[in-house]
Amino acid sequence: MKKWIIGIVVVALVAVVGGPFVYFHFIEGKAPAKLSLSTATVPATVPGTARAPLAGPWEIGTGSTVDYRVTETLFGQSNTAVGKTSSVTGMMTISGTNVTAATFAVDMTKIASKQSQRDNQFQGRIMDTADFPTATFTLTNPIALNPVPSDGVQRSYAAKGKLQLHGTTKDITLTLNTRRSGNVIQVQGDTPITFADYKIDNPSGGPASVGNSGQLEFLLELQSAG
């Protein structure tokens, strides 16, 4: 009888410890790499295509991506969960060598991860996308690009603006990593999101713990609209 009870306890422990390991490593799989210019595909330049002037309007094109990234902990084992969307729209205006206006919007209802149960929680009780379907960033201070870098050269700039998320607007400063290739300007950045700052309930649910913050990442591909 004693050996039988010990056996049950051992099996239960294996299930508690091994279950999350199997889920994270074999079902969930490894999280995708963080968005960065170093791993982004450099847009091809079509021979004979006229080079668009830097000054003028630029709009979000295909290839743009916005992600969220959080750390999930289940029975002492951790995994990085990532949800993403390509439903991003927006415009940027350059006058001379200054970015004078920019606004970008993300369709939060289109963000998805590898797990439907997680997505249901994200769309429902966590982000309330039925009531807050869109997140936006609006530039509030001009960005000086002078000196303008050559094609293929990466430069970083500070961008001050307002981030509206879950119906709450906050002033933030983003570090934008940029690279121009022909008629495409790639812009990459990320910012930590403390859930309480945007009145987002802690995403933790059931045995899984998420913590108090996550990461918002983006890689935008802007095309000349002049």
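The rows are residues; the columns are (1) surrounded by 15 or more Cβ atoms within 10 Å (Cβ to Cβ); (2) at pLDDT 95 or above; (3) not hydroxyl-bearing (Ser, Thr, Tyr).
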site: 67; (1), (2), (3): yes, yes, yes
site: 76; (1), (2), (3): no, no, yes
site: 93; (1), (2), (3): yes, yes, no
site: 164; (1), (2), (3): yes, yes, yes
Open item on the list: Just the residues that are farther than 17 Å from residue 89 by Cα, at pLDDT 95 or above and buried (at least 19 other Cβ atoms within 10 Å of the Cβ), please, taken from region 124-137.
Closed with: 127
Task: Residue ranges of strands (runs of 3 or more DSSP E) in region 109-226 with at least 1 members charged (D, E, K, R) - done: 155-165, 168-181, 184-194, 213-224
Task: Where residue 206 falls short, out of the listed (1) modelled with pLDDT of 95 or more; (2) surrounded by fewer than 16 Cβ atoms within 10 Å (Cβ to Cβ) - done: (1)
Task: Number of the exception - residue 200 against (1) closer than 19 Å to residue 138 by Cβ; (2) buried (at least 19 other Cβ atoms within 10 Å of the Cβ); (3) in contact (Cβ under 8 Å) with a residue 40 or more places away in the chain - done: (1)
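Have a look at 197, 190, 201 and point out the one that is modelled with pLDDT of 95 or more and over 16 Å from the mean Cα position of the chain (by Cα).
On the way: 190 fails: over 16 Å from the mean Cα position of the chain (by Cα); 201 fails: modelled with pLDDT of 95 or more.
The match here is 197.
The values are calculated or read from the model by the stated rules, or taken from the named source; none is laboratory data. Note that this is a predicted model, so its numbers are computed, not measured. Cβ atoms come from the backbone with ideal geometry, glycine included; neighbour counts cover every protein chain shown.
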